Amino acid sequence: DGTAPPAKIVFATSQGFTGNLGGLGGADAICQAEANAAGLSGTFKAFLSDNNTSAADRLYHSPLPYILVNGTPIAADWADLVDGTIDNPLNIDAAGHPVSGYVWTGSDRDGTKATYFPGDYPDGFQLDLTCDDWTMETSSSHYLGARGKVDELSSWNDWWQGDGSPCSSRLGLYCIEQ
């Protein structure tokens, strides 16, 4: 009938936020507000992990394709979304405008909570990669936010050792239709 197959919409927020997002619920509210303002229907949540819940555990694993608001394909389904590479950069906001830079994820490439290698740090050093469960906006050597980059296909949601952002940074969010 000429109707496009159903798909799940993904976008990056149009503005940045410190690591004090108000927890996962606050981040989800930011995504939903941006979707609502752009006239998108449906429920949107942030692709974000905290110390207790990973993005992979809290987000719907859609068998449908993931696309940007302009129809550009990102991934064939959830498994493709978190396999390490996406089809096109996730660099469009809910209104279809281009965005650039980094976004908070708190996640490794598969959507699990970001991890670090304790052997890379002095004995007893603990590193939190979720800005204290997304409630901290001050800089600290023990608290960072794992991040992804909107213009890169293989590190859209991948954090690598030594490359988190201080919680005082203003980064965007990835928002995913549920």
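The values are calculated or read from the model by the stated rules, or taken from the named source; none is laboratory data. What you see is a predicted model; the values in this text were computed from it and never measured. So basically every Cβ, Gly included, is an ideal-geometry build from the backbone, and we count neighbours across all protein chains shown. Ligands, DNA and RNA are stripped out before the accessible areas are found, and what is left, the full protein with its side chains, is counted by its heavy atoms. Shrake-Rupley method; radii C 1.70, N 1.55, O 1.52, S 1.80 Å.
A quick yes/no check of all residues on (1) at pLDDT 95 or above; (2) over 13 Å from the mean Cα position of the chain (by Cα); (3) among the hydroxyl-bearing types (Ser, Thr, Tyr):
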site: GLY2; (1), (2), (3): no, yes, no
site: LYS8; (1), (2), (3): yes, yes, no
site: PHE11; (1), (2), (3): yes, no, no
site: ILE30; (1), (2), (3): yes, no, no
site: LYS45; (1), (2), (3): yes, no, no
site: ALA55; (1), (2), (3): yes, no, no
site: HIS61; (1), (2), (3): yes, yes, no
site: PRO73; (1), (2), (3): yes, yes, no
site: ASP77; (1), (2), (3): yes, yes, no
- Within segment 14-32, which residues are of a type outside the set (A, V, I, L, M, F, W, C) and surrounded by 24 or more Cβ atoms within 10 Å (Cβ to Cβ)? GLY19
- Message: Suppose the filter is in a loop (DSSP other than H, G, I, E, B), open to solvent by less than 50 Å² (accessible area, probe 1.4 Å), at pLDDT below 95 and among the small types (Gly, Ala, Ser); does GLY124 pass it?
- Response: no
- Task: Considering (1) surrounded by 13 or more Cβ atoms within 10 Å (Cβ to Cβ); (2) at pLDDT 90 or above, say which one SER100 fails and leave the rest.
- Result: (1)
- Query: Among (1) surrounded by fewer than 16 Cβ atoms within 10 Å (Cβ to Cβ); (2) within 13 Å of GLU177 (Cβ to Cβ), which single condition is PHE47 missing?
  - Reply: (1)
- Identify the single condition in (1) touching a helix residue (DSSP H, G or I) at 6+ places or on another chain (Cβ under 6 Å); (2) open to solvent by 10 Å² or more (accessible area, probe 1.4 Å) that TYR66 does not satisfy, given that it satisfies every other one. (2)
- Taking the stated definitions as given, is TYR60 buried (at least 22 other Cβ atoms within 10 Å of the Cβ), farther than 16 Å from ASP133 by Cα, touching a residue at least 60 places away in the same chain (Cβ under 8 Å) and aromatic (Phe, Trp, Tyr)? no
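Could you grab me the full set of residues in segment 69-97 that are surrounded by fewer than 20 Cβ atoms within 10 Å (Cβ to Cβ) and of a type in the set (D, E, K, R)? Steps first, answer last, please.
First, the residues of segment 69-97 that are surrounded by fewer than 20 Cβ atoms within 10 Å (Cβ to Cβ): 69-73, 76-80, 83-85, 87-89, 95-97.
ASP77, ASP80, ASP83, ASP87 - these are the residues of segment 69-97 that are surrounded by fewer than 20 Cβ atoms within 10 Å (Cβ to Cβ) and of a type in the set (D, E, K, R).
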